[in-house]
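Have a look at the structure below before the remarks.
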Amino acid sequence: MTALLETRGVWQRFGGLVANSDVSISVGRGEIVGLIGPNGAGKSTLFNLIAGVLPPTQGSIWFDGEDVTKMPAAERCQRGVGRTFQVVKSFETMSVIDNVIVGALVRNTVMREARRKAHEVLEFTGLAARADVLASDLVPAEKRRLEVARALATEPKLLLLDEVLTGLTPTEAQTGVALVRKVRETGITVLMVEHVMEIVMPLVDRAIVLDLGKVLVEGKPADVVRDPKVISAYLGD
Ligand code: ADP
Ligand code: MG
């Protein structure tokens with residue numbers, strides 16, 4: 001069976017800056033893959049290319065057996081690409097439930113159905129008790145979870161998580177890790193960006209390290225953390 005996601009020789013240039021340089025990665029169905037690397041390595045850029053926020057300067061992106069390189073973000077979301085943003089984009093002046101309904105409306109055009117789906121997702125993510133609170137009143141860890149909830153409400157095949165565990169207390173991070181495991185158990189494939197290796201390595205099946213826009217190393221987490229190239233990339237950070 002083909003991979004769920006593949007990027008083939010993807011480049012992203014911003015003027016003279018090369019944010020992604022010939023990046024070819026693949027994510028198999030049911031995997032949890034970690035995309036790691038120092039700040040500025042090009043991780044969020046690659047997410048934007050996969051989600052369709054940006055068109056790549058060069059190269060192609062394949063999702064679920066289809067070339068989606070030219071497909072707009074909304075259509076990719078319909079096909080099953082769900083994402084969170086590193087900079088939290090929740091609608092602060094809306095309630096938690098309404099934020100999640102926005103996601104659920106991607107697949108449910110009947111409001112009653114969207115609301116039912118949103119409640120189900122809030123249960124799943126442990127936010128049910130906060131349904132009627134304004135998003136702006138959530139603590140940071142809950143805001144991250146709301147981002148995940150909103151992405152889940154779009155019923156993705158692939159969930160792209162951009163630093164959802166960063167900056168959390170160890171206890172909050174463990175709750176987040178448990179949630180990601182639970183997401184995968186429902187059959188959703190996960191590609192997650194994290195800057196801090198200690199958090200992601202125990203969680204992922206495979207790690208891909210980006211550095212200076214290029215794939216530096218990929219493999220099993222235990223091998224990746226010991227790789228001298230990875231160690232020096234992080235020391236230079
Ligand atoms: P990471 O997520 O790994 O920290 P990013 O993908 O955010 O890295 O950024 C990679 C590089 O591309 C950085 O040097 C950043 O400043 C640059 N960059 C990202 N987005 C843009 C943009 N829209 N315009 C210009 N430069 C950008
Ligand atoms: Mg980033």
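The values are calculated or read from the model by the stated rules, or taken from the named source; none is laboratory data. Owing to the predicted nature of the structure, the values given are computational and were not obtained by experimental measurement. Heads up, the Cβs are rebuilt from the backbone with ideal geometry, glycines too, and the neighbour counts pull from every protein chain shown.
Within segment 144-171, which residues are acidic (Asp, Glu) and either at pLDDT 95 or above or not assigned by TED's automatic domain parsing to the domain that holds Arg76 (or both)? Outline the logic, then answer.
Start the filter on segment 144-171 by keeping residues that are acidic (Asp, Glu), which leaves 147, 155, 162-163.
Those that are acidic (Asp, Glu) and either at pLDDT 95 or above or not assigned by TED's automatic domain parsing to the domain that holds Arg76 (or both): Glu147, Glu155.
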request  = Among the numbered conditions (1) farther than 15 Å from Pro38 by Cα; (2) surrounded by 15 or more Cβ atoms within 10 Å (Cβ to Cβ); (3) at pLDDT below 95; (4) away from ligand 2 (no atom under 16 Å from the Cβ), tell me where Val180 comes up short.
outcome  = (3)
query = Of all the residues that make up segment 153-170, how many are within 16 Å of ligand 1 (Cβ to nearest atom) and more than 13 Å from the chain's Cα centre (by Cα)?
reply = 1
message = Could you check segment 22-32 and list, in sequence order, the residues that are in a strand (DSSP E or B) and either crowded, with 17+ Cβ neighbours inside 10 Å or without any contact (Cβ under 8 Å) to a residue 12 or more places away in the chain (or both)?
response = Val23, Ile25, Ser26, Val27, Ile32
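When you check Ala73 against the structure, is it surrounded by fewer than 23 Cβ atoms within 10 Å (Cβ to Cβ), within 16 Å of ligand 2 (Cβ to nearest atom) and of a type outside the set (S, T, N, Q), yes or no?
Judged against the criteria, Ala73 is not a match.
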Unique match (being over 17 Å from Ile25 (Cβ atoms), more than 16 Å from ligand 2 (Cβ to nearest atom) and of a type in the set (Val, Ile, Thr)) among Thr175, Thr166, Thr189 = Thr175
ask   = Can Arg112 be described as over 18 Å from the mean Cα position of the chain (by Cα) and not assigned by TED's automatic domain parsing to the domain that holds Asp211?
value = yes
